[in-house]
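Participant: Let me give you the structure first, and then I'll get to my questions.
The values are calculated or read from the model by the stated rules, or taken from the named source; none is laboratory data. Keep in mind that what you see is a predicted model, and the values were worked out from it rather than measured. Here Cβ is always computed from backbone atoms with ideal geometry, including for glycine, and neighbour counts include all displayed protein chains. Quick note on the areas: whole protein, heavy atoms, side chains included, nothing else; ligands and nucleic acids left out. Shrake-Rupley method; radii C 1.70, N 1.55, O 1.52, S 1.80 Å.
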Amino acid sequence: MAWDETDVVGATEWTRSDGYATIRLRERHDGSWAVRLDRLFQAPEGQLYRRETAPAEDAARAVVERWRTEYDVDESTA
């Protein structure tokens, strides 16, 4: 399933094409980076919220890529 990237104020967000999950990347006030995953209650695989911080943007983007793969779903089951 595809993830669509959007810029929101102060962050970048990816929305899973079924609309049931988002991943957001943003820089924190201390210069570290926060990544959060929010999967809705209505998602076929159930509700989930995760948050992770990283010391640098490249490490945070690695988390984004890992979660985009890990929390993707097969379009035929969505």
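Participant: Output the 0 to 90 degree angle, nearest 10, between the alpha-carbon long axis of helix 57-70 and the longest principal axis computed from the alpha carbons of the chain.
Facilitator: The helix 57-70 is inclined about 10 degrees to the chain.
Participant: Now for a different question. In bins 10 Å wide, starting from 0, what share of all Cα pairs of the chain does each bin hold, as a percent?
Facilitator: Per 10 Å bin, starting at zero, the Cα-Cα P(r) for the chain comes out as 20, 53, 23, 4, 0 percent.
Participant: If you don't mind, another one. In Å², and per residue, what accessible area does the chain have when probed at 1.4 Å with the other protein chains present? List each step's numbers first, then the result.
Facilitator: Values: 4730 Å² over 78 residues.
I get 61 Å² per residue for the chain.
Participant: For labels at ALA34 and SER17 in the simple 7 Å Cα→Cβ model, what's the distance in nm?
Facilitator: About 3.1 nm, to one decimal.
Participant: Given segment 15-59 reduced to its alpha-carbon atoms as identical point scatterers, what log10 I(q)/I(0) does the Debye formula return at q = 0.13, 0.32, 0.34 Å⁻¹?
Facilitator: Values returned for q = 0.13, 0.32, 0.34 Å⁻¹ are -0.34, -1.06, -1.14.
Participant: For the chain, which whole-number percentage of the solvent-accessible area (1.4 Å probe, protein heavy atoms only) is attributable to carbon and sulfur atoms? Show your work: numbers first, answer last.
Facilitator: Working: 2200 of 4730 Å².
Carbon with sulfur: 47 percent of the solvent-accessible area.
Participant: Normalised by the residues of the chain, what does the relative contact order come to in percent, with Cα pairs under 8 Å and at least six apart?
Facilitator: On the way: 135 pairs, mean separation 18.1, N = 78.
That works out to 23 percent.
Participant: Compute the FRET efficiency between ASP4 and GLN42 as 1/(1 + (r/R0)^6), taking r as their Cβ-Cβ distance and R0 = 22 Å, and round to the nearest 0.05.
Facilitator: On the way: r = 18 Å, r/R0 = 0.83.
E(calc), rounded to 0.05, equals 0.75.
Participant: I need the GluC sites (Glu not before Pro) found in the chain, filtered to DSSP loop residues with at most 16 other beta carbons within 10 Å of theirs. Before the final figure, lay out each step's value.
Facilitator: On the way: sites: GLU5, GLU13, GLU27, GLU45, GLU52, GLU57, GLU65, GLU70, GLU75; in loops: GLU45, GLU75.
Counting only loop positions with at most 16 other Cβ atoms within 10 Å, the GluC sites (Glu not before Pro) in the chain are GLU45, GLU75.
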